[in-house]
Amino acid sequence: MRPVADDLIVIDAKEAMRRAQALIERYRFGPLGLWVIEDSESGECAGWGCLKHLDKTEEIEVGYGLLRRFWGRGIATEVARRLVRHGFEDIGLERIAGVTHPDNVASRNVLSKTGLTYLGLVNRYYGRETTYFELLRSSWKPATRAGSG
């Protein structure tokens, strides 16, 4: 691993595969997990989405990551909405969190469009300051569900 800039880290393929395998093993037989995002036009892997434990807590977070060439198409928002729906409807979660780097405006917008509410900056996850969002099932509105289908 090597730092690139402001908390961004680039890892090599071997480390990426090790981390992916660890996630697969952790969530193999449960309703949480990591999913591949496939571009519907090309069939390429566009990125990933997940519902997983937030850092080392019992909280569940929605997460996503896209290859740069897929940014700006609304894919992350669509994926996040589908994962939130899965969390509430299929798993029965009562609450879903989301965290981002404070400077990641695009990801903050995705969480807001998905229906999560910004609650402020926190220093309790991943060893750094993050923005913190949450959505309660009781607050999940039909408008949040739009386009999640």
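Scan segment 66-115 for residues that are among the acidic types (Asp, Glu) and within 12 Å of Gly49 (Cβ to Cβ) and the total you get is 1.
The residue pairs whose first member lies in segment 25-44 and is under 24 Å from Phe70 (Cα atoms) and modelled with pLDDT of 85 or more, whose second member is of a type in the set (A, V, I, L, M, F, W, C) and part of a helix (DSSP H, G or I), and whose beta carbons are closer than 7 Å, counting only pairs six or more residues apart or on different chains, are Ile37/Ile75; Ile37/Val79; Asp39/Phe70. Counting the residues of segment 56-84 that are surrounded by fewer than 20 Cβ atoms within 10 Å (Cβ to Cβ), acidic (Asp, Glu) and either closer than 20 Å to Lys113 by Cβ or at pLDDT below 90 (or both) gives 1. In this structure, is Gly87 out of contact with any Phe, Trp or Tyr (no Cβ under 9 Å at 6 or more places or on another chain) and not aliphatic (A, V, I, L, M)? So Gly87 passes the test.
Within segment 121-141, residues that are under 12 Å from His101 (Cα atoms) have Cβ atoms under 6 Å from residues that are of a type in the set (Phe, Trp, Tyr) and in a strand (DSSP E or B) in these pairs: Val122/Tyr132; Phe133/Tyr118, counting only partners at least 6 apart in sequence or on another chain. Where strands (runs of 3 or more DSSP E) fall wholly inside segment 37-149, the ranges with 3 or more residues that are closer than 25 Å to Ala16 by Cα, in contact with a His (Cβ under 9 Å, 6 or more places away or on another chain) and of a type outside the set (Lys, Arg) are 128-136.
Consider Gly127 carefully, then state whether it is within 24 Å of Asp39 (Cα to Cα) and modelled with pLDDT under 95. Answer is no for this residue.
The values are calculated or read from the model by the stated rules, or taken from the named source; none is laboratory data. Remember, predicted model here, so these are calculated numbers, not experimental data. Every residue, glycine among them, receives a Cβ derived from its backbone with ideal geometry; neighbour counts consider all protein chains shown.
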